[in-house]
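One structure is given below, encoded as structure tokens.
The values are calculated or read from the model by the stated rules, or taken from the named source; none is laboratory data. This structure is a prediction, so every number in the text was calculated from the model and none was measured. FYI the Cβ positions are ideal-geometry reconstructions off the backbone, even for glycines, and counts take in every protein chain you see. Note: accessible area is taken over every heavy atom of the protein model, side chains too, but ligands, DNA and RNA are not part of it. Shrake-Rupley method; radii C 1.70, N 1.55, O 1.52, S 1.80 Å.
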Amino acid sequence: MSIGLHKSEFSNPLVRWIDQRLPVFTMMQKEYGTFPTPRNFNYFWNFGALAMVTLMIMIATGIFLSMHYVANTNLAFDSVERIMRDVNSGWLIRYVHMNGASMFFIVVYIHIFRGMYYGSYKAPRELLWMLGVTIFLLMMATAFMGYVLPWGQMSFWGATVITNLFSAFPVVGNFIVELLWGGFSVDNATLNRFFSLHYLLPFVILGVVFLHVAALHITGSNNPLGIEPKGAQDTLPFHPYYTAKDSVGLVVYFIVFAGLVFFAPNYLGHADNYIPANPLVTPPHIVPEWYFLPYYAILRAVPDKLGGVLLMFGSILIWFVLPWLDRSPVRSMRFRPLARPFFLLWAVNFLVLLWVGAKPAEGTYVLIAQISTAYYFAYFLVVLPLLAKFERPLPLPESISRPVLGGGPLSMGAAAKPMEKA
Amino acid sequence: MLRTSFKALALAIGLFAAAPAHSAGEAIPIPDRKFSFDGIFGTYDRASAQRGFQVYKEVCAACHGMRLVAYRNLRELGLTEAQVAAIAAQVEVKDGPNDEGQMFERPGRPADRFRSPFANDAAARAANNGALPPDLSVMTKARAGGADYLFALLTGYVDPPAGVTLMDGMHYNQYYPGHQIAMGAPLNPDQVDYADGTKATVEQMAHDVSTFLQWAAEPELEQRRALGVKIIIFLTILAGLTYAVKRKVWADVEH
Amino acid sequence: MADTAHAAPDGAPRRDFLKLVTGAFAAVGVGAIAWPFIASLQPAKDTLALASTDVDLAPITEGQAITVMWRGKPVFVRNRTAKEIEEARAVPVNSMPDPATDQSRVQKDEWLVLIGICTHLGCVPTGQKPTDTRGDYGGWFCPCHGSHYDSAGRIRKGPAPRNLDVPQYAFTSDTKIRIG
């Protein structure tokens, strides 16, 4: 073997030739073939893979849509309807893209929920978690700008309201808003730059996803018990065990996705967005897309403009410091009798915010939004720091394989299997 | 089991997430009208949609455009090529500029989109007492309640209840948000002459034109549902197979 | 991917039927996904519907030519002189790279209708305006790579493989044609 070539273990000559020069096959084999993965994942661990697949679907459909879409205020609405009517399969590609955004958020919300429940953000996975929060922020920006592109009433007024958030900042507020608009209102310049950024950001997301996965493969995955694997008996090679398990989740996910696309494509949308944008008429009831409703509820819960904006941004930025707010050494909520109900309440509270965000900001809805907002932040700032001090966690199992195998000695079959490739 | 309770919660997130976006709709309940395109396997009643086109052409088109629909699209409703060409030729379409640099009028062709009754929004407002008759191309998608709402609106003209004074030029409609609508009751009994002998009651015309507008808004609906059924059957079989493979792969692992 | 699937603990080959079927199913699914994307690249329905153009021939005097747009391409319409027609018919057809009689390329002797795109690599030949160079055979000349067409639009010299294409057209009256 010549010096400078990678030592490849592949026997196929072509694969070997490439692998010696660019060891992508060795890397794939290491990271997705033999990669030692905790043996006790439940189906919640599907959602990372589902999010990855959804990102691919969004990029593919988006590229093809952009071949027909026209980013001009006079033509945008009609060009989208032309995609629906005249472009071959255009309706299919557009409905997949449109509902794909919703599916993406559902998947990522469950992925985040899983990370919070099983303490996946704790050491040594803090940076992995923070990269995830970054992905989520980029997703929000991308989704927001994508929703503006069809140039319907909700597109226009959603863009107007959200960009006006930045005017809350003292001194620089109006400067920032005009910078976003490229004019004195949401107009053609805004639409053009949003289209440009909506095309760019998914590739930035892809880059951060790569870092997210790279970091994951350094620390290894967390698992439902929240304890680290102690040896080969605690892990399984990623392939075929988790490729098979992820495939099951993926196909089931596609069934739900297809149900939405083919039978209720406009269910999650708002009828007003099929009315062309009109800068002179505000719809009676502006609501963002459903996935932004919790933050919208937080924004409206505060009677002060700047306060509301800060709290809304803070509601996600606080996730960045979650690893340092929750100092409990125990990861999984399974072994945290007090934190568990508090967290499940937080999750329900999140759904309450989502629900109240769609309601008019009046009467009891405001009160509900305020109470929910208070609990949203109290969980991070009060409950978790205090529980870290006062909670007495349940005893942790000795290792992953012990509770799985009922505490008995390791059986031959189970021990032999993972060793085989090691 | 803990695991099952999570699954239920995960499902609940999906379902609850979906619900609220719609709960913020109209306070006036819209009665459910039975249409041929209801449900998962529903299709468009072609005869009804054709009659609906006649209602649109003879009644609605005086004020409402449908600029996204082309005459050629009417073939999908079962009209022949000659019929479509004849319908298109009835309107004068602005084209140009010609060699002298002038815009000119020519008879419509099947490739043309429906001609709008007004040159622009301002002209439409000027002719309609300040109110803008909306374009109807995607109307069923643009209103909560869709075709049910359109049918309710078209048949919802009643005398204003005692104590309600209508503003000048407004009409009372029990299903319109705010109840005061600028459009007067557009349909009157026997207003159109159906070629197939169907009696042109207000209800019949409203039903037909709602069917037509639903088709105009979602011409892909039948194709979409048919494809969806096939894809979901395919995915269900694939899910079964994948699950069997997963069981087999995991058979020698205790977990 | 990994070889794990092929060898069971006892060493027996495990190319089992179930995995083959599942794999085949999944492959069909993935293949089917490609179709709507490819279909979306084909001409859309409104593009196909706009496939005809009407041309009024009355203003074109003898010896003149006009260019009209049809499907985004230039179409040459020339009112040929008697001399041009005679020239086009006098040449022996067999000596040409793409033999075709003049009669087979026109519906009425004086009206020549051609898609004005060189069959070599898609440039637009010159020869429409009186001041244009018309090449060695009095028809059109493609400046990109030097193809010469005669007064029937046939390739006579140069790299182009075929004669200029004649679009589908029909006379709707004595002085009007519809292309497409």
*Options B:213, B:154, B:221, B:227; residue that is surrounded by fewer than 20 Cβ atoms within 10 Å (Cβ to Cβ), modelled with pLDDT of 95 or more and touching a helix residue (DSSP H, G or I) at 6+ places or on another chain (Cβ under 7 Å)*: B:227
*Any residue at all in the stretch C:49-57 that is part of a helix (DSSP H, G or I), open to solvent by 30 Å² or more (accessible area, probe 1.4 Å), over 19 Å from residue C:165 (Cα atoms) and within 14 Å of chain B (Cβ to nearest Cβ)?*
yes
*Residue ID - nearest to residue A:297 (Cα to Cα), chosen from residues in the stretch A:362-380 that are among the aromatic types (Phe, Trp, Tyr) and touching a residue at least 12 places away in the same chain (Cβ under 8 Å)*: A:376
*asked:* Can you pull out every residue in the stretch C:117-153 that is free of Cβ contacts under 8 Å to residues at least 60 places away in the same chain, part of a loop (DSSP other than H, G, I, E, B) and within 17 Å of residue C:102 (Cα to Cα)?
replied: C:137
*Where residues in the stretch A:273-303 are open to solvent by 10 Å² or more (accessible area, probe 1.4 Å) and at the interface with chain B (Cβ under 7 Å from one of its Cβ atoms), which of them is farthest from the chain's Cα centre (by Cα)?*
A:275
*Output the residue which, of all residues in the stretch A:62-108 that are facing chain C (nearest Cβ under 10 Å) and of a type in the set (A, V, I, L, M), is farthest from residue A:263 (Cα to Cα).*
A:67
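Yes/no per residue for (1) assigned to a strand (DSSP E or B); (2) closer than 30 Å to residue A:58 by Cβ; (3) open to solvent by less than 40 Å² (accessible area, probe 1.4 Å); (4) at pLDDT 90 or above:
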| residue | (1), (2), (3), (4) |
| --- | --- |
| C:11 | no, no, no, no |
| C:15 | no, no, no, no |
| C:20 | no, no, no, yes |
| C:27 | no, yes, no, yes |
| C:31 | no, yes, no, yes |
| C:69 | yes, no, no, no |
*Only residues that are part of a loop (DSSP other than H, G, I, E, B), in contact with a helix residue (DSSP H, G or I) (Cβ under 6 Å, 6 or more places away or on another chain), within 18 Å of residue A:390 (Cα to Cα) and open to solvent by less than 70 Å² (accessible area, probe 1.4 Å): list them for the stretch A:323-369, please.*
A:326, A:328
*Specify the residue that is nearest to the chain's Cα centre (by Cα); the eligible residues are those in the stretch C:82-96 that are in a loop (DSSP other than H, G, I, E, B) and surrounded by 15 or more Cβ atoms within 10 Å (Cβ to Cβ).*
C:96
*Of everything in the stretch B:173-211 that's touching a Gly at 6+ places or on another chain (Cβ under 7 Å) and aliphatic (A, V, I, L, M), which residue is farthest from residue B:129 (Cα to Cα)?*
B:209
*asked:* One residue is enough: does the stretch A:1-24 have a residue meeting the conditions over 30 Å from residue A:191 (Cα atoms), in contact (Cβ under 8 Å) with a residue 60 or more places away in the chain, open to solvent by 20 Å² or more (accessible area, probe 1.4 Å) and out of contact with any strand residue (DSSP E or B) (no Cβ under 6 Å at 6 or more places or on another chain)?
replied: no
*Quick one: count up the residues across the stretch B:71-112 that are over 30 Å from the mean Cα position of the chain (by Cα), facing chain C (nearest Cβ under 10 Å) and of a type in the set (A, V, I, L, M, F, W, C).*
0
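Within the stretch A:229-247, can one find any residue that is under 30 Å from residue B:223 (Cα atoms), open to solvent by 20 Å² or more (accessible area, probe 1.4 Å) and part of a helix (DSSP H, G or I)?
Yes - at least one qualifying residue is present in the stretch A:229-247.
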*In the list A:211, A:206, A:165, which residue meets the criterion of being open to solvent by less than 50 Å² (accessible area, probe 1.4 Å) and not in a loop (DSSP other than H, G, I, E, B)?*
A:165
*State the number of residues belonging to the stretch C:36-48 that are modelled with pLDDT of 90 or more, open to solvent by 30 Å² or more (accessible area, probe 1.4 Å) and aliphatic (A, V, I, L, M).*
2
*Taking residue B:147 as the residue in question, decide whether it is away from chain A (no Cβ under 14 Å), assigned to a helix (DSSP H, G or I) and at pLDDT 95 or above.*
no
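Could you list, in sequence order, all residues of the stretch B:192-203 that are under 15 Å from residue B:46 (Cα atoms) and open to solvent by 50 Å² or more (accessible area, probe 1.4 Å)?
Answer for the stretch B:192-203, where residues must be under 15 Å from residue B:46 (Cα atoms) and open to solvent by 50 Å² or more (accessible area, probe 1.4 Å): B:195, B:196.
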*What number of residues within the stretch B:129-144 are more than 12 Å from chain A (Cβ to nearest Cβ) and either closer than 20 Å to residue A:80 by Cβ or open to solvent by 40 Å² or more (accessible area, probe 1.4 Å) (or both)?*
2
*Leading residue by the ranking (farthest from residue B:72 (Cα to Cα)) among those in the stretch A:61-93 that are of a type in the set (A, V, I, L, M, F, W, C) and outside any helix (DSSP H, G or I)*: A:71
*Determine whether residue A:113 is touching a strand residue (DSSP E or B) at 6+ places or on another chain (Cβ under 9 Å), in contact (Cβ under 8 Å) with a residue 60 or more places away in the chain, farther than 23 Å from residue A:258 by Cα and away from chain C (no Cβ under 13 Å).*
no
*Some residue of the stretch B:78-99 being open to solvent by less than 70 Å² (accessible area, probe 1.4 Å), in contact with a Ser or Thr (Cβ under 9 Å, 6 or more places away or on another chain) and not in a loop (DSSP other than H, G, I, E, B)*: no
*Select from the stretch B:102-116 the residues that are over 17 Å from residue C:53 (Cα atoms) and open to solvent by 50 Å² or more (accessible area, probe 1.4 Å) and list them in ascending order.*
B:102, B:115
*Any residue in the stretch A:117-132 that is open to solvent by 20 Å² or more (accessible area, probe 1.4 Å), farther than 28 Å from residue A:347 by Cα and either in a helix (DSSP H, G or I) or touching a residue at least 24 places away in the same chain (Cβ under 8 Å) (or both)?*
no
*asked:* When the residues of the stretch B:150-183 are narrowed to those that are under 25 Å from residue B:201 (Cα atoms) and polar (S, T, N, Q), which ends up farthest from the other protein chains (Cβ to nearest Cβ)?
replied: B:155
*When residues of the stretch C:52-68 are filtered for being out of contact with any strand residue (DSSP E or B) (no Cβ under 7 Å at 6 or more places or on another chain) and of a type in the set (A, V, I, L, M, F, W, C), how many remain?*
1
